[in-house]
1. For residue 78 and residue 205 in one chain, what is 0.36 nm times their gap in residues minus the Cα-Cα distance, to one decimal in nm?
2. Quick query: amide H of residue 320 versus all other amide H atoms, modeled in the peptide plane; which residues come in under 5 Å with a sequence gap of 5 or more or a different chain?
3. How far apart, in nm, are the 7 Å Cα→Cβ label points at residue 142 and residue 256?
4. Zone of residue 71 (label point 7 Å along Cα→Cβ, backbone N under 11 Å): which residues in the stretch 5-20?
5. Taking amide H positions as placed 1.01 Å from N in the peptide plane, with prolines and chain starts having none, which residues 5 or more places from residue 135, or on another chain, fall under 5 Å of its amide H?
6. Under the rule of -39500 (n - 2.57) per DSSP H run of 4 or more residues, summed and divided by the residues of the chain, what mean residue ellipticity at 222 nm is obtained, to the nearest 500 deg cm²/dmol?
7. When the accessible area of the chain is computed with all protein chains present and a 1.4 Å probe, what percentage of it is carbon and sulfur?
8. Sort out the exposed loop GluC sites (Glu not before Pro) in the chain (DSSP loop, at most 12 other Cβ within 10 Å) and tell me the longest stretch that has none.
Amino acid sequence: MRFEKKYAVAVVGGGIAGVAAALAAARAGSKTVLIEKTVLLGGLATAGLIYVYLPLCDGNGMQVSFGIAEELLKLSLKYGPGDIPAAWSREKNAEENKRYRCVFSPAAFMLALDEAVAEAEVDVWLDTLVSDVETGAAGRLTSVIVENESGRGKISADCFIDASGSAVVARRAGAAVNFGMNARALWALEYNFQAQPDYIIGEHIKMVHTGVLPDEKHAEYCGINGRLVSKFVLDSRRALLERYNKNYASGAAGRKTLFPLKLPVMPQLRKIACIEGRQTLRDGQDAMHFADSVGLVADWRKPGYVWEIPYGTLLPQKLKGLLAAGRCTAAAGDAWEITRVIPAAALTGEVAGVAAALAVEQGVTPDRLEVTGLQNELRKRNFPLHLEDVGLKCRRMGNS
Ligand SMILES: Cc1cc2nc3c(=O)[nH]c(=O)nc-3n(C[C@H](O)[C@H](O)[C@H](O)COP(=O)(O)OP(=O)(O)OC[C@H]3O[C@@H](n4cnc5c(N)ncnc54)[C@H](O)[C@@H]3O)c2cc1C
């Protein structure tokens, strides 16, 4: 090894979940490192050019997600032109774009994220890939092996958070993971002289979407090995090229009125891999009470559906010393649609950061944490944990 470092908490992946986790752990007093393989923070939300911060409210005027999820939504607007709909709290049965959400400039959001992690004194390692892991006694994760221009090194920590978007830490450690259905998609920023107001984020600057929805026909795009990811990315870019060729050939636009400005620098894979958790959030578990709930997230697709997030979905089944955050948390089917988006990634990231700091303080692994102690910490941050905390009713009791 060319270098070795030791931290209290090591977060792998600088996407929204990883940033939230690192902020929470560092603010709780843990010496925290955030390891990111690209040179940008925000992950798919920024480098992947996703520009809609989905709702923090239930669509009936009730805010359900708070804490860093709300802080990051506001940060996404700090240097950009978006707005939160003023009347979101009066809306009933609201369309998505009338809820507590916003459109943001990915570049502006990246700058604001840099500022936030610097203020929290997170040690940020960019351009550093986690390529392997080491485990010790009783299946506990002890270090991650990283590669950057300084060579191959080792980062040890008392507690790790897998916020890689693809459960790479869990997979490298041999933990069980589940893979999800994908879809080819490409969101790119373009100059479009004829852009309709709907998607405009600046005059004539438009986010263009090309793609297909996930279904069996597109199973060819489901996978994360090098060959499949290359095919996914190249096919997606080809679809964009076809758009320009078609427009230019028909005379609908020319190369000076319609052209690409920015392409995503990470594959826009919808679902990759999540841990097999001590608990898995499943279809139909909205409005379900979980005794170990650590927060609430709203269904971004339809108003009136709110989910409690059980702590067990952040814990891998056997591996110790690791928490999952963001799209790596254990969810299946419809529930994965809820946990994979920006607000839920921020929320589970914060929970993972708070849990990691608490576990380090108590000298235990996160699976041994007293859930009520974690819930008390979250309540201090004004987190509603259960549906009744925001005046909503649960339909069923979960089995945690
Ligand atoms: C086409 C599409 C449209 C979407 N639209 C929306 C939308 O409108 N609104 C919304 O809220 N959500 C949307 N989403 C979902 C959402 O953007 C992401 O799922 C969410 O941002 C995931 O955050 P994350 O932090 O869990 O993971 P990621 O954003 O994937 O972050 C993971 C980070 O880990 C890093 N990493 C990975 N492996 C390693 C490694 N080995 N070493 C070091 N670093 C590593 C990556 O570079 C990345 O920065 C969309 C997704 C897709 C695909």
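The values are calculated or read from the model by the stated rules, or taken from the named source; none is laboratory data. Worth saying up front: this structure is predicted, and the values here are computed from it rather than measured. Note that each Cβ is placed from the backbone with ideal geometry, even for glycine, and that neighbours are counted across all protein chains shown. Just the protein is used for accessible areas: all its heavy atoms, side chains included, with ligands, DNA and RNA removed. Shrake-Rupley method; radii C 1.70, N 1.55, O 1.52, S 1.80 Å.
1. Contour length minus the Cα-Cα distance gives 43.8 nm.
2. Distant-sequence amide H within range of residue 320: 140, 141.
3. About 6.6 nm separates the two model spin labels.
4. 20
5. Amide H neighbours of residue 135, under 5 Å, 5+ apart: 142.
6. -8000 deg cm²/dmol
7. 50
8. After excluding every exposed loop site, the longest remaining stretch is 204-369.
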